[in-house]
Amino acid sequence: VQLQASGGGLVQAGGSLRLSCAASGRISRINGMAWYRQAPGKQRELVATFTMDGSTNYADSVKGRFTISRDNVLNTAWLQMNSLKPEDTAVYYCYVQYGLGSFAWGKGTLVTVSS
């Protein structure tokens, strides 16, 4: 399974970006997809998750600003990021859990928010 993430870039504070993550390969069933991020000098943290039953969860720091969505047919997830803040600057990684306990990480896409 391979994950292709895209959509990162440079944006001013208050702006928006939309990240996408497409999963390809031999995927029997995707159980959940998620976005993580890692800022310079910090640990990787969970940003948002989308489970198979359609439920979503968000880190407190992004609630009300970020929205995760997915297309089960296309095996693609998106992260709509609005009202971006400089502290959102990080490399964003998509993550997929599939089959019986398997998982994969995308390579990451850099989001830079200028003040």
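How many percent of the accessible area of the chain is carbon or sulfur, using a 1.4 Å probe? Solvent-exposed carbon and sulfur of the chain make up 49 percent of the total. Placing a label point 7 Å from the Cα of Gln2 along the Cα-to-Cβ direction, the residues of the range 85-115 with a backbone N closer than 12 Å are 107. When a/c is below 1.5 the answer is rounded, else prolate if a/b is larger than b/c, else oblate, so apply that to the range 17-73 with a ≥ b ≥ c taken from the square roots of the Cα gyration tensor eigenvalues. Judged from the Cα gyration tensor, the range 17-73 comes out prolate (a/c at least 1.5, a/b above b/c).
Per-residue Karplus couplings for the range 59-69, computed as 6.51 cos²θ - 1.76 cosθ + 1.60 with θ equal to phi - 60°, are listed in order as 5, 4, 5, 10, 4, x, 10, 10, 9, 9, 8 Hz, Gly and Pro entered as x. Across the range 44-97, C-alpha contacts under 8 Å between residues 6 or more apart give a mean separation that, scaled by the residue count, equals a relative contact order of 23 percent.
Spin-label model, Ser115 to Leu10: label points 7 Å out along the Cα-to-beta-carbon direction sit 1.7 nm apart. Listed by chain and number, the aspartates and glutamates placed with their C-alpha closer than 18 angstrom to that of Lys42 are Asp60, Glu87, Asp88; residues fewer than eight positions away on the same chain are left out. When both the range 98-113 and the range 45-95 are represented by their alpha-carbon centers, they are found 12 Å apart.
Neighbours of Tyr93, meaning other residues whose beta-carbon lies under 9 angstrom from its beta-carbon, give a summed charge of +3 when Lys and Arg score +1 and Asp and Glu score -1. With R₀ fixed at 35 Å, the C-beta to C-beta distance from Arg65 to Ala104 puts the FRET efficiency at about 0.85.
Straight-line cross-link partners of Lys63 among the lysines, defined as a Cα under 18 Å from its Cα and at least 8 positions apart when in the same chain: Lys85. Look at the alpha carbon pairs under 8 Å that are at least 6 residues apart: their mean separation over the length of the chain gives a relative contact order of 37 percent. For the chain, the solvent-accessible area with a 1.4 angstrom probe is 55 square angstrom per residue. The length gained by stretching the chain between Met52 and Ile27 to full extension, at 0.36 nm per residue less their Cα-Cα distance, is 7.6 nm.
The values are calculated or read from the model by the stated rules, or taken from the named source; none is laboratory data. Keep in mind it's a predicted model, so treat the numbers as computed, not measured. So basically every Cβ, Gly included, is an ideal-geometry build from the backbone, and we count neighbours across all protein chains shown. The accessibility values were calculated without ligands, DNA or RNA, using every heavy atom of the protein model including side chains. Shrake-Rupley method; radii C 1.70, N 1.55, O 1.52, S 1.80 Å.
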